[in-house]
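Notes follow the structure.
The values are calculated or read from the model by the stated rules, or taken from the named source; none is laboratory data. Treat the numbers as computed from the prediction; the structure is a model and nothing was measured. Glycine gets a Cβ as well: all are built from the backbone with ideal geometry, and neighbour counts include every protein chain shown.
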Amino acid sequence: MSLTRRAFLQIGCLGLTACSLPKFTLTESDADVDFVLVAEPASVELVPGKQTAALTFNGDYPAPVIRAKQGKRIRIRFINKLNEPTTIHWHGIRIENSMDGVPFLTQPPVQPGEEFIYDFYCPDAGTFWYHPHVNSLVQLGKGLTGTFIVEEAEPLAFDHEAVVQLRDWRLDNEGEFLPLSTPRQAARAGTLGTVKTVNGLIKPALEIPAGGCIRARFVNLDNTRVYHLSFKDYPAQVLAHDGNAIERPYPLESRDTGAGMRLDVGFIAPDEVGKEVIVYDKKGRGFFEIFRFRTVASSLPTRTEIPRLPVNPIPAPDVANAQHLKLVFEWEGALSPVKKDGSVDHSFWTINRRAWEGMSKGAIPAPLATLELGKSYVVEMYNATPHHHPIHMHGITFTVLSSNKREITPYHTDTVLMARNEKVKIGFVADNPGRWMFHCHVVEHMKTGLMGYVSIV
């Protein structure tokens, strides 16, 4: 019996070497690269029985999972078959600035029909992702997102790995795209999708080996939504935040995971065949199913311990002697400037009372701050707005030090989800030279003001 793509994905993946997510196929002509990534329009099935005119990597959704090795370089040939310019940003990787994929700031946009070789070193193991940084609302919103995994230098003793890609789609019942943003919602928490998927499927059952030790890599590829991930009463451990292993794993009760954020979770699968572990979005006292894991027969012995992940080699900031900076995120209000042609240029959000002006060739705005290479910094960030913001920094992995809203055990990350009226202190060593974007990863917030960059020289 032949299998449709949807049926094939429903089977799930059994073992690290037999994942059902799409794979790359290289030809002899691609001998000088590790992967070939093509951005192109394609029709995909997201609403059962309907076709959606999406933007895809390699002609389908989900995109192939890119795998690299910690401490090794990777070469990726990127080909743009869209009808507009684009780039690829490698979210969370401490990358060379010229490979960061921000148009005009780090590289020229890749024009339609052109290609670009991304060639970079992967210093850290973990769960990352990739996406454009051009026309982000549309290009991400219509499907240009994928998972990037950097495997540990030494293999870990997990029996099975599950890549769990979470995202919403703004679709009607026929699979046609609805408006990806509305000004009213862009000025609030963002415009939510209407169709929730896991690996492109609605509430799938992903198969896992009975009794196996499971590593689940959750990746929030959404433009907007915060998932409050929970296994409810089933025991599981948080192993890593946003691609960075934590020294002391802790029980997963509910972990808020905003747009662009990742969470690695370890658990022991039930040892009986046909048992299910349901993953929920916890809201208040309610638990709402996102998808479920389902056990299948295996010859594995039942495990009792979950391996710890090795902590990445992130430089520790000298907090006592660090230079201090302050960034305040504010809501600018509903009054927006009007362009010469009469159209409204929506601007709702500011950093230190300045909304992002946009940039083009030869017109790069001033940085939020200029930092000295090799120096330690502590940045106090204040979210003076009534909405959450997942604040992301390119090129640097920072340490979350404290919050006025919650107890913090310091941890490494590239994105921190800030609640309303929350003050968070982060620390880092400015050890990666270049111009690095600093922005909210709710794409509508980023596009309407909540973005800037820092320059490390």
- Scanning for something of a type in the set (Gly, Ala, Ser), within 15 Å of Arg255 (Cβ to Cβ), modelled with pLDDT of 95 or more and in contact with a Ser or Thr (Cβ under 8 Å, 6 or more places away or on another chain), does segment 214-227 turn up at least one residue? no
- Failed criterion for Arg75 (all others in (1) charged (D, E, K, R); (2) surrounded by 22 or more Cβ atoms within 10 Å (Cβ to Cβ); (3) more than 22 Å from Leu309 (Cβ to Cβ) hold): (2)
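Out of segment 364-392, which residues are hydrophobic (A, V, I, L, M, F, W, C) and either touching a residue at least 60 places away in the same chain (Cβ under 8 Å) or in contact with a helix residue (DSSP H, G or I) (Cβ under 8 Å, 6 or more places away or on another chain) (or both)?
Taking segment 364-392 and keeping what is hydrophobic (A, V, I, L, M, F, W, C), we get 364, 366, 368-369, 371, 373, 378-379, 381, 384, 391.
Ile364, Leu368, Ala369, Leu371, Leu373, Val378, Ile391 - these are the residues of segment 364-392 that are hydrophobic (A, V, I, L, M, F, W, C) and either touching a residue at least 60 places away in the same chain (Cβ under 8 Å) or in contact with a helix residue (DSSP H, G or I) (Cβ under 8 Å, 6 or more places away or on another chain) (or both).
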- Log entry, pairs with first residue in segment 58-87 being touching a residue at least 60 places away in the same chain (Cβ under 8 Å) and over 17 Å from Glu152 (Cβ atoms), second being among the polar types (S, T, N, Q) and part of a strand (DSSP E or B), beta carbons closer than 6 Å, six or more apart or on different chains, reads Pro62/Gln165
- Answer with yes or no whether Leu180 is free of Cβ contacts under 8 Å to residues at least 60 places away in the same chain and assigned by TED's automatic domain parsing to the domain that holds Ile246. yes
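Restricting to segment 166-209, count the residues that are among the small types (Gly, Ala, Ser) and modelled with pLDDT of 95 or more.
Just the residues of segment 166-209 that are among the small types (Gly, Ala, Ser), to begin with: 175, 181, 186-187, 189-190, 193, 200, 205.
From what is left, the residues that are modelled with pLDDT of 95 or more are 175, 193, 200, 205.
Counting residues in segment 166-209 that are among the small types (Gly, Ala, Ser) and modelled with pLDDT of 95 or more gives 4.
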- Task: Check off (1) in contact with a strand residue (DSSP E or B) (Cβ under 7 Å, 6 or more places away or on another chain); (2) within 30 Å of Gly395 (Cβ to Cβ); (3) among the aliphatic types (A, V, I, L, M); (4) not in a strand (DSSP E or B) for Ala320 and give me the number that stays unchecked.
- Result: (1)
- Query: When Pro108 is evaluated against the numbered criteria (1) under 29 Å from Val279 (Cβ atoms); (2) modelled with pLDDT of 95 or more, which criterion, by number, is the only one it fails?
  - Reply: (1)
- Query: Can you tell me which residues in segment 405-420 are surrounded by 14 or more Cβ atoms within 10 Å (Cβ to Cβ) and β-branched (Val, Ile, Thr)?
  - Reply: Ile408, Thr413, Thr415, Val416
- Item | Verdict on Thr147 being hydroxyl-bearing (Ser, Thr, Tyr), crowded, with 20+ Cβ neighbours inside 10 Å and assigned to a strand (DSSP E or B) | yes
- Of Gln107, Gln139, Gln111, Gln70, the only residue that is assigned by TED's automatic domain parsing to the domain that holds Val36, over 28 Å from Ile202 (Cβ atoms) and touching a Pro at 6+ places or on another chain (Cβ under 6 Å) is Gln111
- Looking at segment 199-223, which of its residues are within 18 Å of Gly266 (Cα to Cα), under 20 Å from the mean Cα position of the chain (by Cα) and β-branched (Val, Ile, Thr)? Val219
- Message: List pairs: first residue in segment 111-137 and of a type in the set (A, V, I, L, M, F, W, C), second residue assigned to a helix (DSSP H, G or I) anywhere in the structure, Cβ distance under 8 angstrom, at least six positions apart or on different chains.
- Response: Phe120/Met99; Leu137/Val443; Leu137/Glu444; Leu137/Lys447
- Message: Is it the case, given these coordinates, that Asp100 is surrounded by 20 or more Cβ atoms within 10 Å (Cβ to Cβ), under 22 Å from the mean Cα position of the chain (by Cα) and of a type in the set (D, E, K, R)?
- Response: yes
- Item | Residues of segment 168-216 that turn out to be closer than 16 Å to His445 by Cβ and among the hydrophobic types (A, V, I, L, M, F, W, C), as a count | 5
